[in-house]
Structure formats: C-alpha cells, structure tokens
Amino acid sequence: MDSKNVIAAIALSSAVIVLYSLFFIPEKSTQQKNIAESKIEKNNDTPALDQNETKIEISREEALKSSERLRFENQSIVGSISLKGAVIDDLTFKEYKINLQSDERVVLLGPRNFKDGYLIESGFVSTDKNIDIPNSDTIWSIVGNDTLTNQSPIKLSWSNKQGITFEKEISLDEKFLFTINQRVINSTNKKYDFYSYGQIIRNKIPDGLSNFYILHEGPIATLDGELIEEDYDDIQDQKFSKTAQKGWLGVGDKYFVASIIPPKDKEFKTTFDYKNKFRANFITTKPLELNQNSSIEDNLRVIVAAKRVDVIDGYAENLNIDKFDLVIDWGFLYFITKPLFFGIDYFFKLLGNYGLAIIAITICIRLAFFPLANFSFRSMAKMKALQPEMVRLKELHKEDKMKLQQEMMALYKKEKVNPMSGCLPILVQIPVFFALYKVLFVTIEMRQMPFYGWIQDLSERDPTSIFNLFGLLPYDVPSFLIIGAWPVAMGVSMWIQQKLNPAPTDPMQAKIFMFFPLFLTVILAPFPSGLVIYWTINNVLTMAQQVFIMKRTTVKTTN
C-alpha cells in the first residue's frame, strides 16, 4: 500500500463518516416530528395509554418476590411472568455469558419497581371510562397449567364486577417467541369498544451503552417499510408517533432486542416517548366491537431475542414480519455487510473457527480484487522506476513549479503511467473494511469467539501489550497503553509495505510517512482483534502480490 494512498484512504474514510452523519442519519427536526404527531393525535377516538409510571428502587430479588409469578423455560431462555399486571418482566438468556471470566448469564428483562426495570405488557383499553380494565396493579389468576414451556402454553384470567372477563393465552416456541392471544368475554347486555395494545417499558438508559456512531441502540421500528431509529436522548426531548398498516416495534441493544409485532392486517399507532420511563408501544386505531353476550379476541407476538442472524431472519421469513432483519444494525452498507457476514459464517462452518474464517474471507477479497491490484501495482512499479528521473526534474525546475508540473505530466504521458492508479484498490476496499468492522462490532455470532493463543474474543481488542512484552513482564499496563501483538504485527507489515513503494521525494513527506505505520498501530489497537487480523493478513497478501508483480514489471522495463 503506497503511503500516499494510506493518507488518501484515511481522508476518504473521514469523508465517508462525515457524509454518513450528514446524509444517512439526518437529525429529525422539531417541525417534522410535530407534523408526524399531528397526523396521529387528530384521531381523538383512539385512547391514550396510561403514563402514570413511578420508580420504586428496590433490589431485583426483592422486586421478583413482591408478586406471585409464573415460570417459563425452554432451550434458550428462562424467566417468569408476574401475575401482577400479567407482564413479562424476568428473562435470562441461557446460552450467553456476561463475560468470558464469569459463568453468570445475560439477564435482559426486570420488574418495573427495580431500577433496571425492563418489561413487556399487553392488553385492551377503551374510551369508556366506566369500564374496569386490567392495569399494572391487577392480579391475574392462572387457569390450569402453571408453567410455560414450548410444549405447554398457559392461560391467565381476570373478571371485573361488571360481567366482563379478560383472558390471555400465552405460548412459547423453542427459542425467543411469545405468542399472546387476548380475549374479552362479555356476559352483559351492553356493547363496548376495545383497542388492543402492547408496550415495552424501560426504566432508564442501560449501563454500558456503546454510544458509537456506527451502532444504534434504543427504540426501533419498521412502519410501512420505513426504518425508524430513535436514540434515547431524542425520545427524552420529544416523543415520536406514527400510524402504520404493518410493521413491528422494539427496543434494541447491541446484541439483544425486545420487540412486539402488532396484530396482522390492523392499522396501529406506534409511539416512542419518555415520562420517568422510556416506552415503545402500539395501539390499534380502529375499535373491536364487543356486542352483548359475545367475545372478541386479538393476538400479538413478542420476540425477546439474542440478535443471531439465523434466528432473526428465520422469524422474519416464517412469520412474514416486514423487514424484521433490520433489528440487526447492518448499516447503510447493508448490501456489503450482510453478504460479508454470510461469507464469514460459511467459512466458520467449514473451518470451525471465526478467526480462520476471517483469514479465508480475506483471501477471497484479495482474489476478487486481484485484477485491479495487478493494474495498480504495475503502475506503482513503473512509478518506482521513474523515481530517479523525477528527482532530476525536481532539481532542474525547482524554481519553476509550473514548468515542473508540465514536465512531470509529459513524463507520465510518455511512460503511460497514472500516478493515481495506486489509490484505486484502496478506494474500493474502504467500504469492505467498514463493512467487516460493522460485522465484527454488531453480530453476536462473533461475541466471545476465540482465535488461537491469547485471542479469546474476536469482537474485543487484543488484550496483550508491547509495554509489558506481551505478558512476559509481571505487571499490568493502563488501558491506553494496551497495544497488542496483532496490532504490532499489522504495523510492522505496513512498514515493510511502505518500503516496497516509491519513496516520497519531499523530505518532510518522507518523515511523515515514516511515522504512519506507528500512528495506525496506535489508532487500530482498540479495534476488534478480528479486524486487526484481517488487516494484517491483507497486508501480507498484498505484499506478496506486490513483490511478484513489481519483479515482473521491472524485468520488462530493463529489457
């Protein structure tokens, strides 16, 4: 890689980041949000969901013991449903550890009176204020089976004093899907209108929020095909609201998501708001008419999942959920990022190690760019052969910059050399580099997956440091001095690459370029080790290809 091209690559990368922030994630104006809300709030027939949420900070254990519970478990998750409010507010992922040093599993949901409360509730509301409707304080009864598994659903019931019974039948698949069938039974001679709803409540912004520009965490939805991503601080400033015919809504973390899929073929209003707690909810816009001595029912789906690609894509396809695959933040380079993941996953299944899979995909990328690199390296070899003549021209015309430029262009034209051709492979590979970084950063498949030796998690930085001789010296170093063996190997490979390329004729440029491998080593040290492995192997393959081509080109030139 030409050092000049490295500068061009970094400059272009910065431009990509700026353009991305300007054009792909535009800030929603207050006027736009007000217009969206005004289209919804004009529908006065749709009741608003109760916002009287209070915080009572007790321990998780105390919160779980404060209400009677119904246990659920399958191969993937374990937890409980509170009979107070009939809410799903306790869920642990059985397959995912908090970190490699602990056997403690990832806990996502928690009761509402716990400081990290995070729960999902559903039900019916009505514009008729005279009807007693189940709320967050209602105690439901279990009908029949008291344990929810993928083999046995459960049924909950509550009756008011007005002759109306509310029922919920909840089933669970073998992974992360809850199906909730809701029913209202009217044993009176009166008619009522009901609207079904579902909502996710989260007490506070989660600890450990990445808050990084390439990853969205917070309320998310696709409504009539449009992807909606709202940050927590955006919702604190002003709520979002939109009516749609189809879609889903949820709250997403880096690796996990809680989501609701509203009833099919029914218009609904989705709202993201904050009033002491964050809420993401939907409510149907057209009432279900409950006639005398009859019943109505509605159903919704709840998916509280680890964002595994096969699981998310499977639900999207099997349940026909519009664009549910966007739960995983593939980014604006979706058309590169997702196929790149599938390529890595294919090699993982073949080789049994994601590190080897990254190396295999690196080789494939080099093969794909081989013709382009051949053209570039031939041009660079000719440029290196022209260095003596270029130095002579600079000495000859050092007082006349215009004349020097004319002579340089004449030399390039005579030798049929394009000085910019070396940039082309870099420009093409930048999107691939960003896409691979995205894959390593957002996909749970590579979370806590080892390579060989000291790399135990390809999604985290290389944990070793040159400042304690990679663990040979018996002391730890501060985090900002953790520059591991793989980043050092990458820097060394880049320095060797630099020596293969034409040296800058300007002494100041030469000094700047000399420090560039060190600069990039420090910059990339905190990056996922899988990405640094890719970059290092890519450098080695590039050098091998470059040496081969430049030798052939030199022979042709001397003849």
Where only C-alpha atoms are counted, convex hull volume of the stretch 252-346 per residue in Å³: 147 Å³
Förster-model FRET efficiency, 51 Å R0, TYR334 and LYS65, C-beta, rounded to 0.05: 0.70
Exposure proxy ranking, count of Cβ atoms within 10 Å, fewest first, for MET514, MET494, MET408: MET514, MET408, MET494
Hz values of 3J(HN,Hα) by residue in the stretch 131-144 - Karplus curve (6.51, -1.76, 1.60), Gly and Pro given as x: 8, 7, 10, x, 10, 5, 9, 5, 9, 8, 10, 8, 10, x
From phi via Karplus (6.51, -1.76, 1.60), per-residue ³J(HN,Hα) for the stretch 297-302 in Hz, x at Gly/Pro: 8, 8, 9, 9, 10, 10
Two-site FRET efficiency, GLU57 against SER210, from Cβ-Cβ distance with R₀ of 25 Å, rounded to 0.05: 0.50
Segment LEU227-PHE370, length gained on full extension (0.36 nm per residue, minus Cα span): 47.8 nm
Volume in Å³ per residue [convex hull over Cα atoms, computed for the stretch 43-329]: 135 Å³
Residue-by-residue Karplus 3J(HN,Hα) for the stretch 194-210, coefficients 6.51, -1.76, 1.60, Hz, glycine and proline x: 10, 10, 8, 8, x, 8, 10, 10, 10, 5, 8, 4, x, 5, x, 4, 5
Estimated dipole of the stretch 43-329 in Debye, rounded to 20 [Cβ of Lys and Arg +1, of Asp and Glu -1, Cα centre]: 700 debye
Contour excess over end-to-end distance, with Cα ends at SER294 and GLN75 and 0.36 nm allotted per residue: 75.0 nm
Modelled FRET efficiency - R0 22 Å, LYS94 with SER171, Cβ distances, 0.05 increments: 0.70
Overall form of the stretch 187-242 per C-alpha gyration tensor (a/c, 1.5; a/b vs b/c): prolate
Distance from the stretch 289-323 to the stretch 516-544 (C-alpha centre basis), Å: 44 Å
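Only the coordinates and a few stated rules stand behind these numbers; no lab work does. Note that this is a predicted model, so its numbers are computed, not measured. Neighbour counts are summed over all protein chains in view; Cβ atoms, including those assigned to glycine, are modelled from backbone coordinates with ideal geometry.
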